[in-house]
1. How big is the Rg/Rh ratio for segment 328-378, C-alpha atoms only, Rh by Kirkwood, two decimals?
2. So how much slack lies between Leu84 and Tyr348, counting 0.36 nm per residue of separation and subtracting their Cα-Cα distance, in nm?
3. Return the distance in nm (one decimal) between the two label points of a simple spin-label model at Leu244 and Ile91, each offset 7 Å from Cα along Cα→Cβ.
4. At a temperature of 4 °C and a viscosity of 1.567 mPa s, determine how fast the chain diffuses translationally according to Stokes-Einstein, using the Kirkwood radius over alpha-carbon pairs as Rh; express D in µm²/s, rounded to the nearest whole number.
5. Return one whole number: the accessible area per residue of the chain in Å², for a 1.4 Å probe.
6. Hey, could you pull the Cα Rg and Dmax for segment 1-135, both in Å?
7. Measuring from label point to label point, each 7 Å out along Cα→Cβ, what is the Phe432 to Glu212 span in nm?
8. What percent does the relative contact order of the chain come to when contacts are Cα pairs within less than 8 Å and at least six residues apart?
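The values are calculated or read from the model by the stated rules, or taken from the named source; none is laboratory data. All values derive from a computational prediction rather than experimental measurement. All Cβ positions, even for glycine, are placed from backbone atoms using ideal geometry, and neighbour counts span all protein chains on display. The protein model used for the area step is the full one, side chains on, heavy atoms only, and it has no ligands, DNA or RNA in it. Shrake-Rupley method; radii C 1.70, N 1.55, O 1.52, S 1.80 Å.
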Amino acid sequence: MDDAVRHLARTHAPRGTYIGVLMLASLFVEAWDFYSIAFVLVFIREQFSPPPLLLGLAAAAVQAGAVVGALLGGWLTDKLGRRLMFMASIILFIVLALAQGFVTSMAMLVGIRFLLGIPLGADVTTGYTYIMEYLPTGRREVMGNRWQVMFAAGQVVCSVVVALFLVLGMSHPLLWRVVLALGAVPAVIILVMRSELPETAIWLVRQGRFREAKAVSLRMYNDSLDMLPATDIEVRKPGVTEFLTDLRRDPIRWRASVYSWIAFFCCGGEFSTFGFYIPVIFMMVGVSSLVGISLTTGLVWLIAGVAAWVGPAVLPRLGHRGIGISGFFTVIVGLSLAAFALYTGHPYILPFAAAIMMWGHTWAVTNPLTIATVVARAQYRGVAGGVTYVFNKAAVFLGIFLFPSVFAAIGQANATVFVIVFPVTGLLLAIFMFREVYGFQLD
């Protein structure tokens with residue numbers, strides 16, 4: 001069994017790159033939902049006039065749901081299979097995304113957005129198991145780190161669509177409903193494209209389902225896995241707590257996992273407190289008109305998209321550690337420049353500061369989830385991705401929900417300085433705790 005898993009981990013499936021891109025495509029959907037709410041919150045407030053905390057909860061509810069989805073989805077994808085989970089999660093997302101367009105109250109919107117976060121959190125963890133199990137060592141890290149390309153693409157397209165609707169004169173009560181519900185459109189396309197993908201051969205091997213594993217391997221790798229018998233066997237199912245016990249046996253894997261958890265939390269903190277509120281900050285300090293702010297924000301995300309492509313391209317040379325150090329340091333530079341602009345009343349500097357910050361953030365955030373799933377054994381890979389994703393989503397939820405109150409309490413400039421604690425923590429971890437695991441493969 002172990003020989004078959006190691007063999008598959010070194011073998012490139014002819015359609016591996018296509019599968020990787022298809023799995024990452026769900027990040028486009030998440031980015032659309034995640035950032036569209038930032039653009040339309042002002043219109044939701046116009047219609048329902050909610051108290052500030054309830055408005056913040058409407059934006060953050062998806063992240064709370066994603067915490068549940070990541071934990072539940074990570075466990076279920078190891079227990080029930082990768083294919084079942086990614087099909088179920090994308091179908092549930094389509095239904096709930098459309099439901100957002102028909103809510104009649106803020107309470108209903110908050111409830112639906114919380115439920116919407118559950119399939120989003122589950123889908124990301126499942127998608128990463130597919131990438132780690134269909135691409136060989138080295139290529140899977142590069143593909144896994146490219147998730148920010150899809151994220152940036154979703155945010156750029158969302159920015160342009162909102163600007164287009166504003167130019168066309170769409171009424172604000174209709175605009176926010178259409179924008180939130182539109183996330184179902186790319187999700188339907190992804191569902192159709194995913195429908196013909198089989199279960200991963202590695203998961204089937206670990207379940208002792210050798211006959212199915214051999215059939216899938218022959219179809220996807222043109223390899224019949226002759227080292228396996230042609231009959232199925234009973235395999236003991238490991239408990240969830242064994243995941244941590246297994247990691248702690250290997251100091252390199254344990255340090256890599258701890259780094260991925262804390263670094264992902266720091267990335268969520270720096271983004272949800274500044275990156276998420278970029279259009280709001282631009283509006284508050286008068287960077288441009290409403291349409292101009294949408295387009296400027298789209299340009300910032302376009303730059304982030306370039307960073308998302310460049311980072312994985314240089315990963316083989318810099319390694320995960322080099323990407324983390326460079327990314328967090330650049331975030332510190334961008335946030336420092338933004339704080340200077342806010343303190344001195346120079347709003348025209350803010351778009352440049354935001355672009356620098358987002359370049360660094362895009363590099364720093366690309367690899368924690370990849371690192372965690374690379375160093376995890378196949379039988380724990382879903383749980384590993386789920387646990388790691390929880391750290392990010394918990395930080396994002398708290399940041400989106402609470403940061404407007406921090407803004408109001410200490411001011412925009414002081415709040416921006418406060419955010420710097422996140423990249424500083426990530427930088428120190430990358431320098432002093434993390435040990436390189438690029439190209440890592442379990443014995």
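1. 1.26
2. Going from the current span to full extension adds 90.1 nm.
3. 3.4 nm
4. Rounded, D is 59 µm²/s.
5. Ligands and nucleic acids excluded, the figure is 36 Å² per residue.
6. In Å, with Rg to one decimal and Dmax whole: 17.7, 61.
7. 4.8 nm
8. It rounds to 26 percent for the chain.
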